[in-house]
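One structure is given below, represented as structure tokens, and several questions about it will come after.
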Amino acid sequence: MHLAADGGARPVAFTVTAGQAGDAPAFETVMPRIRVRRRGPGRPRTRPFVVLADRAYSSRAIRSHLRRRGIRAVIPQPSDQIGHRLR
């Protein structure tokens, strides 16, 4: 199960995949399902302001997907990825 949660750790969207599916392919299927309720009237937002994730979500594909949608990413990067990018 791949999950998107709000700041209070409540699930806002999830998808169930077969077996040991990777995080990166499941990320793009979970993101369109997010619905963030507004305080007042109006339809829910489908684009969060910020995505907070662990190192499993630090791939180039996920970061470019977030950039295309205008979402800020707060994802730590493993030291080997930083080195690869600098080269």
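Sticking with the crude label model, points 7 Å out along Cα→Cβ, report the distance from residue 52 to residue 38 in nm, one decimal please.
2.5
Charges only on Cβ, +1 for Lys and Arg, -1 for Asp and Glu: so what's the dipole of the chain about the Cα centre, in debye to the nearest 20?
620
Share of antiparallel DSSP beta bridges in the chain, in percent to the nearest 5?
Among the beta bridges of the chain, antiparallel pairing accounts for roughly 60 percent.
Could I ask something else about it? Once Rh is set to the Kirkwood radius over Cα pairs, what Stokes-Einstein translational diffusion coefficient, in µm²/s, holds for the chain at a temperature of 25 °C and a viscosity of 0.890 mPa s? It would help to have the intermediate numbers written out before the result.
Working: Rh = 14.2 Å.
Answer, rounded: 173 µm²/s.
Using alpha-carbon pairs under 8 Å, 6+ residues apart, how would you state the relative contact order of the chain in percent?
21
Mind ranking 26-32, 69-75, 59-65 by how tightly packed they are, going by the mean number of other C-beta atoms within 10 angstrom, highest first?
Numbers: 26-32: 16.3, 69-75: 12.1, 59-65: 14.4.
Top of the packing list down: 26-32, 59-65, 69-75.
At 1.4 Å probe radius, can you tell me the per residue accessible area of the chain in Å²?
Computed with neighbouring chains in place, this is 75 Å² per residue.
Using label points projected 7 Å from each Cα along Cα→Cβ, tell me how many nm separate residue 81 and residue 61, to one decimal.
1.3
The values are calculated or read from the model by the stated rules, or taken from the named source; none is laboratory data. All values derive from a computational prediction rather than experimental measurement. Positions of Cβ are backbone-derived with ideal geometry, glycine not excepted, and every protein chain shown enters the neighbour counts. For accessibility, only protein heavy atoms count, side chains too; no ligands or nucleic acids. Shrake-Rupley method; radii C 1.70, N 1.55, O 1.52, S 1.80 Å.
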